[in-house]
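Okay, structure first, notes after.
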Amino acid sequence: MDVTAIVMAAGEGTRMKSNHAKVSHKILGKPMACWVIDSALAAGCNRVIVVVGSHSDEVRAMIASAYEGTPAAGVVECVEQAERLGTGHAVRCALEATGIDAGPIVVLNGDLPLIQADTIRTFANTVANGTHAGAVLTFTPPAPFGYGRIELAADGSVNRIIEQKDCTPEQDAELLECNAGCYAFDGALLAAHIGEIGNDNAQAEYYLPDMVEILKDHGHAVTIFHCDDYRDGLGVNSRAQLAELTAIARDRINEHLMTEGVTFIDPAQAWISPDATIGRDTVVWPQTHLIGTCRIGEGCQLGPNTRLTNVVAGDNCSLDETVAIDVAIENGVTCGPRCYLRPGTHLLDRAHVGTHVEIKKSTIGVGSKVPHLSYIGDTTMGAGVNVGAGSITCNYDGKNKHATTIGDRTFIGSDTMMVAPVNIGDDAITGASSCITRDVPSGALAVERNDQRIIEGYTEKRRARL
Ligand code: UD1
Ligand code: CA
């Protein structure tokens, strides 16, 4: 689709009372601006210009990290709005910086996270097919406070948009249809007339919504689209609205997943990223968070109390009270309750990671078990290994990290300290409480502990002494 999107993300976001840009605040783990950018990309826009200004370094970095290495990297670009003089000025900056003066342009508020790709596409078509010079998305929220209001002409067409702060009390009470902050314009007409927006209003700002009246005054057709689901048009200006939209996004995602065959014990208590997928017959228990691009297979049990960030898991896994970040999990794996899987961990089929176990940058082989109270780091573990309770890889010497390898079917006795770098072969055994500092050959027993002493009758003698 040969459509340019302009996403306005330069505003101060004063009402958020934040040290960060408003558009960097997250909904289900994803920055607000990225929700809008992703919808524009999903609609097929082939160029997305993000206007940044307030906290612009932070917003630029956030956008770079979101799209780096993805097909969108060459599509999404940032332009600077050095002074925040209003939404009309933001769009003017975007046009001047890029030289765009033709073709259909969709303009989106950066704080409009629930806008749908289909809506953007419909909008772009309205001007792309030449029937209109402009189009504005409208909606009727239960609480219209703060939104620009649509004033209609006698024939029902849009006359102009009046910001709430410029409304008379009568207009405020009577005009309930609001501007959602999603517009489509014919690029040539937008570029030709954007300079005519003035700032003679309550906020002394250049209002983009004034383009409606300007285009009409030049004899061009402008239309409004009423969005029947008001939730699509909600903007975020405050923390309360951020929470409200998070709940709406959560419900929509969970409702969709339920139609796809996922069970939720309580859909109000699971927060699933818009970029996550979950297979059928997976059960999501309360207090489960999926952040980023998680891909979970079929027949899994997630939670309760589980937080997964960029985790790929196969089928029939159980992740109970598990925190995992950048981890790959194959099929039939069981984790928790209470384990911590850190980046670079790979759990092969039927591996088990139990209670109070931390694994970092390690491969746990097929059917291998680390059931209790262990730390395993920088380790390559074969298949069928059993790691006894309390065993630890001592992978850090205070300066560098070192690797441990453990062969197939090896039995690590409880409380074994494996001082890396160290290699333990196949079918080996380490005695409980051993500190392993040298390689253990395949098939060998390594035991490192003092002989046990027995002092007969000690208790009786001690009692007599006290
Ligand atoms: C705006 C609309 C209002 C509409 C509402 C929908 C204007 C004048 N008013 O009001 O009609 O009902 O959105 O939510 O447009 N921004 C910039 N540069 C600026 C100013 C704003 O990039 O100089 C960006 C902000 O970061 C934000 C978006 O534009 O993402 C909208 O600005 P905001 O101040 O939130 O406008 P509203 O008062 O909500
Ligand atoms: Ca807003």
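The values are calculated or read from the model by the stated rules, or taken from the named source; none is laboratory data. Just so it is clear, the model here is predicted, and its values are computed rather than measured. Glycine gets a Cβ as well: all are built from the backbone with ideal geometry, and neighbour counts include every protein chain shown. Please note that ligands, DNA and RNA were not included when accessible areas were found on the heavy atoms of the full protein model with its side chains. Shrake-Rupley method; radii C 1.70, N 1.55, O 1.52, S 1.80 Å.
Couple of notes before you dig in:
- Of all residues in the range 1-17 being near ligand 1 (Cβ under 9 Å from one of its atoms) and either touching a Ser or Thr at 6+ places or on another chain (Cβ under 6 Å) or open to solvent by less than 80 Å² (accessible area, probe 1.4 Å) (or both), the one that is farthest from Ala128 (Cα to Cα): Arg15
- Note on the range 35-57: among residues that are part of a helix (DSSP H, G or I) and away from ligand 1 (no atom under 13 Å from the Cβ), the one that is surrounded by the most Cβ atoms within 10 Å (Cβ to Cβ) is Ala40.
- The set of residues in the range 151-180 being closer than 18 Å to His132 by Cβ and within 16 Å of ligand 2 (Cβ to nearest atom) consists of Ile161, Asn179, Ala180.
- Count of the range 247-286 residues, restricted to those that are crowded, with 18+ Cβ neighbours inside 10 Å and either within 16 Å of ligand 1 (Cβ to nearest atom) or not in a loop (DSSP other than H, G, I, E, B) (or both), is 12.
- Which numbered condition Val323 misses (of (1) open to solvent by 50 Å² or more (accessible area, probe 1.4 Å); (2) part of a strand (DSSP E or B)): (1)
- Condition met for Glu77 (among the acidic types (Asp, Glu), surrounded by 15 or more Cβ atoms within 10 Å (Cβ to Cβ), in the same structural domain as Tyr147 (by TED's automatic domain parsing) and assigned to a helix (DSSP H, G or I)): no
- Residues (assigned to a helix (DSSP H, G or I), of a type in the set (A, V, I, L, M, F, W, C) and surrounded by fewer than 24 Cβ atoms within 10 Å (Cβ to Cβ)) located in the range 111-125: Ala117
- For the condition in contact (Cβ under 8 Å) with a residue 40 or more places away in the chain and in contact with a Gly (Cβ under 6 Å, 6 or more places away or on another chain), Ile272 does not qualify.
- Among the candidates Ile248, Ile224, Ile253, Ile265, residue that is out of contact with any Leu (no Cβ under 9 Å at 6 or more places or on another chain) and either among the aliphatic types (A, V, I, L, M) or closer than 24 Å to Gly148 by Cβ (or both): Ile265
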